Each structure stands twice: as C-alpha cells, then as structure tokens.
Amino acid sequence: MKILVAVKRVVDYNVKVRVKADQSGVELANVKMALNPFCEIAVEEAVRLKEKGIASEIVVVSVGPATAQEQLRTALALGADRAILVESSDELSSLAVARLLKAVVDREQPQLVILGKQAIDSDNNQTGQMLAALCGFAQGTFASKVEVAGDSVNVTREIDGGLQTVALKLPAIVTTDLRLNEPRYASLPNIMKAKKKPLDLLTPAALGVSTASTLKTLKVEAPAARSAGIKVKSVAELVEKLKNEAKVI
Ligand code: AMP
C-alpha cells in the first residue's frame with residue numbers, strides 16, 4: 001500500500017518563542033525550525049509499516065515556504081521514499097492546508113494518510129479531521145497503536161480515561177498521538193542518501209486550489225508574566241495565606 005504522510009515545518013520545540021512587537025504572530029527570523037514532533041511520529045509509523053512489508057511506498061508532503069524542503073529532506077532521511085512540497089509563503093488556514101492535501105490525495109491515491117494530531121506552532125488539531133471530511137475517508141485520531149488488517153486499519157485511540165479501538169475501512173486518515181512510537185534518528189548515510197531522493201515542487205495554483213482564507217488572526221499575546229513565589233515557614237502560614245490572601249480555601 002502507498003502511505004502519504006503530511007509534515008509541517010515549525011519552530012523547534014526547544015526554542016522559547018517570542019511574540020512580534022506588533023502582535024501579528026511569533027518571531028520566525030533567525031529561529032531554529034524543525035519537523036513538527038507529531039509529524040516525526042507519523043513518518044516513523046509509516047517507515048515501520050514499510051519495514052513490516054505492509055507499505056510499499058511512503059510519500060511525504062508539506063505545504064509551506066521553499067525552506068520546508070529541509071524538513072522534507074529530514075523525512076526522506078528517516079525513510080520516506082519521495083517528497084512533495086506545495087509551495088506557499090502565505091499564512092494558510094487549516095482548511096486551506098486540508099484542501100491542498102486533498103488535491104495531493106486525489107493525485108497520489110494513497111490507501112493510508114498519516115498526519116500528526118497537532119502542529120506545535122498553532123496547536124490547531126484539526127487538519128487531519130478536515131482532510132478526512134473533504135476526502136470522505138474514515139478517521140482514527142490520537143492513535144497510540146496502528147494495525148493494518150486486510151482492507152482496514154485498526155486504530156487504538158487515546159481518549160479521556162482509557163483507550164478506544166476503531167476499525168477503519170481503507171483508504172483512511174490516521175493522526176498520531178505521542179505514545180504511538182519513538183522516532184528514530186536519521187543516520188549520516190541516510191541523510192546523504194536523502195539528498196538524492198525525488199522532491200517535487202507544486203503550487204496551490206497548479207493543484208487548482210484557492211487558499212483564500214476565511215480566518216484572520218487578530219492578535220497573538222504572550223502569557224501574562226507570573227509573580228514570583230514565596231516560601232512559607234509552616235503549614236499554618238500556608239493555610240492562612242491560602243485563606244486570606246489567595247482566598248482559594
Ligand atoms: P494542525 O491541525 O495544524 O494542528 O496540524 C495537524 C497535522 O496536520 C500536522 O501534524 C501535520 O501532519 C498536518 N499539517 C498541518 N499543517 C500542515 C502543512 N502546512 N503542511 C503539511 N502538513 C500539515
């Protein structure tokens with residue numbers, strides 16, 4: 001089976017992000033960028049399915065600026081066979097990204113599409129769900145286990161207070177949770193090999209998709225600074241402060 005994995009270029013999770021002075025977004029100039037961690041888990045799952053002989057080809061796709069080729073090369077070094085960049089430097093809504101991914105699904109006809117459950121930059125947690133709706137495919141979100149069985153895939157989902165296992169008829173959409181797997185590191189020889197793997201460039205226009213947004217970010221704010229804590233000398237003092245100062249008990 002062919003697996004399509006959607007990957008996003010985001011600010012590296014180790015970076016402490018700063019809000020731009022005009023509150024239009026976060027500062028991206030000279031900031032370390034990386035593959036979204038949940039997308040890394042998605043690539044790893046696809047690679048494991050290929051290693052088990054279930055997947056025959058892994059195609060990775062990203063929507064973003066030309067620099068997102070770096071993250072596609074990382075995904076190729078982790079084991080993907082081929083990459084597609086839908087190049088756009090616009091700030092795209094999840095619906096626009098889902099429409100572009102749908103156009104790629106139509107071209108590639110994968111049996112399984114794996115996405116991260118969320119991109120750690122915008123925390124939207126909706127692209128996979130939107131793509132499933134646009135394609136008319138079944139979806140298994142927040143997957144902690146994925147097992148392909150014949151013409152369906154069983155997905156164990158992390159839900160409040162437990163696990164739920166659903167069977168999805170292929171083609172289907174899966175979004176990855178943190179505990180699905182632990183992604184491998186790309187080895188140096190694989191990083192070198194990845195440079196020679198095919199990477200196709202497409203544009204929204206070539207896919208015939210309008211990316212006009214119905215959503216506008218009004219402002220982005222940093223969390224309010226927290227006041228410094230104090231040390232109390234006794235439990236009695238703690239209780240007194242909780243009662244009379246914090247007024248929480
Ligand atoms: P989100 O809905 O933005 O939290 O993202 C969830 C998942 O959708 C990500 O982990 C990716 O797999 C996919 N995704 C979101 N934005 C993009 C993008 N620009 N390019 C490719 N995949 C994306």
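The values are calculated or read from the model by the stated rules, or taken from the named source; none is laboratory data. Here the structure is a predicted model, which means the values were calculated and not measured. Neighbour counts run over all protein chains shown; Cβ positions are idealised from the backbone, glycine included. The accessibility values were calculated without ligands, DNA or RNA, using every heavy atom of the protein model including side chains. Shrake-Rupley method; radii C 1.70, N 1.55, O 1.52, S 1.80 Å.
Within the chain, what's the longest stretch lacking GluC sites (Glu not before Pro) that sit in DSSP loops with no more than 16 other Cβ atoms inside 10 Å?
92-220
Would you please give the FRET efficiency between Lys195 and Glu27, computed as 1/(1 + (r/R0)^6) with r the Cβ-Cβ distance and R0 = 30 Å, to the nearest 0.05?
Working: r = 30 Å, r/R0 = 1.00.
Rounded to the nearest 0.05, the efficiency is 0.50.
Over the Cα atoms of the range 66-192, what radius of gyration and what Dmax do you get, in Å?
Just the Cα atoms of the range 66-192 yield Rg and Dmax of 15.2, 44 Å.
Keeping all protein chains in place, calculate the accessible area per residue for the range 1-91 (probe 1.4 angstrom), answer in Å².
So the range 1-91 comes to 45 Å² accessible per residue, rounded to a whole number.
Which lysines have a Cα lying under 17 Å from the Cα of Lys20, excluding residues fewer than 8 positions away in the same chain?
Cα-Cα hits under 17 Å: Lys32, Lys216, Lys219.
Work out, in µm²/s and without decimals, the Stokes-Einstein translational diffusion coefficient of the range 159-207 at 10 °C, 1.306 mPa s, Rh from Kirkwood over C-alpha pairs.
Working: Rh = 15.8 Å.
Estimated via Stokes-Einstein, D reaches 101 µm²/s.
Please check: in the Gaussian network model of the chain (C-alpha springs, under 10 Å), which one of Leu180, Leu163, Leu49 has the largest mean-square fluctuation.
Leu163
For the chain, return all DSSP H helices satisfying: extent of Cα atoms along own axis at least 15 Å; mean Kyte-Doolittle hydropathy at least 0.5. Don't jump to the answer; show the numbers that get you there.
Details: long enough: 37-51 (21 Å, 0.11); 94-108 (20 Å, 0.58).
Membrane-span-like by this criterion, though nothing is claimed about a membrane: 94-108.
Students often forget the sequence filter, so: which aspartates and glutamates lie under 13 Å Cα-Cα from Lys52 once same-chain residues fewer than 8 apart are removed?
Leaving aside aspartates and glutamates fewer than 8 places away in the same chain, those within reach of Lys52 are Glu44, Glu147.
Among Gly161, Gly128, Gly79, which one shows the highest mean-square fluctuation when the chain is modelled as a Gaussian network with alpha-carbon springs under 10 Å?
Gly161
Under a cut-off of 30 Å between alpha-carbon atoms, report the lysines in cross-link reach of Lys233, not counting same-chain residues fewer than 8 places apart.
The reachable lysines, counting only those whose Cα sits under 30 Å from Lys233, are Lys241, Lys243, Lys247.
Give, in whole angstrom and from largest to smallest, the semi-axes √(5λ) of the equivalent ellipsoid of the chain, with λ running over the eigenvalues of the Cα gyration tensor.
Its equivalent ellipsoid spans semi-axes of 36, 24, 19 Å.
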